[in-house]
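A short write-up of the structure that comes next.
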Amino acid sequence: MDNAGGDFDYLSGFGNHFSSEALAGALPPAQNSPLICPYGLYAEQISGTSFTTPRNLNLFSWFYRIKPSVTHEPFKPRVPSSDGRILSEFNQSNSSANPTQLRWKPMDIPDSPMDFIDGLFTICGSGSSFLRHGYAIHMYTANKSMDNCAFCNADGDFLIVPQQGRLLITTECGRLKVSPGEIAILPQGFRFNVNLSDGPSRGYVAEIFGTHFQLPDLGPIGANGLAAPRDFLYPTAWFEDKSYPGYVIVQKFGGELFAAVQDFSPFNVVAWRGNYVPYKYDLSKFCPYNTVLFDHSDPSINTVLTAPTDKPGVALLDFVIFPPRWLVAEHTFRPPYYHRNCMSEFMGLIHGGYEAKADGFLPGGASLHNCMTPHGPDTKSYEATIARGNDVGPHKITDTMAFMFESSLIPRISRWALESPFLDHDYYQCWIGLRSHFTITEASPENPTLHNGQ
């Protein structure tokens, strides 16, 4: 047990099988589903994979709860609905293909009351939650806690990246405090509530369909480095046993929102055990690797979590960060290189600045560089870098935490995102000033440049 979360206790270790009980003896000692559970609790299983998934990939947990989650009225379409703000099917009727480099300014916190559910909106995505393959990228703004309700995402896993305002997330397995600079992963099917601990909040959400996040393989790096399994923290059992007349479960199903009413808290799990559990991770604990002689490492070296596809080395979605680190490469253009990528890249900024953008890319903002669309450092960043010349010694990048959601699937952009008042229509101008530095010099053994391109 780890007390890294202040007054919350956590369990640690990515992918472990855990056991946790808020009352001693609440877990059945020798089986999962006895005829009568301790304290008269109900046994209930939640499965994150099919029953017959190979054991090393099988995800499930057992809950021991005061009342089972099935005890509710029928689901009905929620009012207000998502009104097209939330998508999990991406097609020509609700989204557009667009190869242009896109950037969004930070979204304003709303003036009217808005919780996490009502403040969630889709930027882009690909595939289908019904077909169990694809992803969606959302952003959220909120200024109030979720009152007398819980959210359940039946479509996929959420990876939440708060940029402003700490979140207190109550789940069926317990509670997580998630500050900017940390992330939370809420697996498919879990009911949760988001309370705003420090006032208004905004951030980013990646959602994946049909698979789950895992740690990337380290290959020749070896056994250590990047995100360490020990630093992933899981909640301990916590429950409430009280009457809640009119409590609402809001379920996202196929991108639509449905609501069901019950008279008790869904957070009535007295004990649980398993390996299908919400968790959080502090990005400052990431151990980055980098070039130590020349040239520039690919951004994949900074992968925190990956959602793989069946094709080796090709991700449905990678979560990559660009944390504080030393740059020491010699005779090298140190910001990220100019690039056209068969993968698509969505970037966000939690705090500070980003080394390849001198202007316009602000904390809380976002950018999308779609498949094979060129991108790279803006004019000011390029000119400042080459002006320093080759005599620049080791340099530490500080006060920054940028991240990227990278996918092999080409995203379509939601109508909301394309019509947003926060879309930066002048983004392209950051590269317009790039000028030619081409010169033709006398060829020599020391400088074998040929005349006229011969």
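Normalise the Cα radius of gyration of segment 295-337 by 2.2 N^0.38 Å (N = residues in it) and let me know the number.
Relative to the rule-of-thumb radius for its length, segment 295-337 sits at 1.42.
Each other residue within a Cβ distance under 12 Å of Phe267 adds +1 if Lys or Arg and -1 if Asp or Glu, for a net charge of +2. Its Cα centre serving as origin, the chain has a Cβ charge dipole (Lys and Arg +1, Asp and Glu -1) of approximately 520 debye.
Give me the tail of P(r) for segment 283-397 as a percent: Cα-Cα pairs with distance above 16 Å.
66
Taking the Cα centre of segment 336-426 as reference, the dipole from Cβ charges on Lys and Arg (+1) and Asp and Glu (-1) amounts to some 200 debye. With one equal scatterer per alpha carbon and no solvent term, the Debye-computed log10 I(q)/I(0) for segment 189-229 at 0.31, 0.33 1/Å reads -1.14, -1.19. Set the Förster radius R0 to 30 Å, insert the Cβ-Cβ distance between Leu434 and Val314 as r into 1/(1 + (r/R0)^6), and round the FRET efficiency to 0.05. It comes out at approximately 0.45. In the chain, helices alone account for a calculated mean residue ellipticity at 222 nm of -1000 deg cm²/dmol, with every DSSP H run of four or more residues adding -39,500 (n - 2.57). Compute the acute angle (0 to 90°) between the alpha-carbon long axis of helix 379-388 and the principal axis of greatest extent of the alpha-carbon atoms of the chain; round to the nearest 10°. That works out to roughly 60 degrees.
In segment 1-69, which chymotrypsin sites (Phe, Trp or Tyr not before Pro) fall in coil by DSSP and have 11 or fewer other Cβ atoms within 10 Å?
Phe51
Between segment 33-82 and segment 379-430, the C-alpha centres lie 42 angstrom from each other. Per residue, the convex hull around the alpha carbon atoms of segment 228-350 comes to 192 Å³.
For segment 324-394, state which GluC sites (Glu not before Pro) are in a DSSP loop and have at most 15 other beta carbons lying within 10 Å of their beta carbon.
Numbers: sites: Glu330, Glu345, Glu355, Glu383; in loops: Glu330, Glu355.
Listed in order of number, the matching sites are Glu330.
Electrostatic tally near Tyr427: other residues with Cβ closer than 11 Å to its Cβ, Lys and Arg +1, Asp and Glu -1, net -1.
How large is the Kirkwood hydrodynamic radius of segment 324-454, counting all unique pairs of alpha carbons, in Å?
Numbers: mean 1/r = 0.0577 Å⁻¹.
Hydrodynamic radius (Kirkwood, Cα only) of segment 324-454 equals 17.3 Å.
Loop-located chymotrypsin sites (Phe, Trp or Tyr not before Pro) across segment 211-275 with a Cβ neighbour count of 10 or fewer within 10 Å are lacking, with loop assigned by DSSP.
Less than 13 Å Cβ to Cβ from Pro324, Lys/Arg counted +1 and Asp/Glu -1: what total charge do the surrounding residues give?
Numbers: positive: Lys285, Arg325, Lys396; negative: Glu355, Asp399.
Neighbour charge sum, excluding Pro324 itself: +1.
Measuring from centroid to centroid over Cα atoms, what is the spacing of segment 152-200 and segment 266-297 in Å? Result: 14 Å between the Cα centres.
All of the numbers you see were taken from the coordinates with simple rules; none came from a lab. Computed from a predicted structure; not experimentally measured. Every residue, glycine among them, receives a Cβ derived from its backbone with ideal geometry; neighbour counts consider all protein chains shown.
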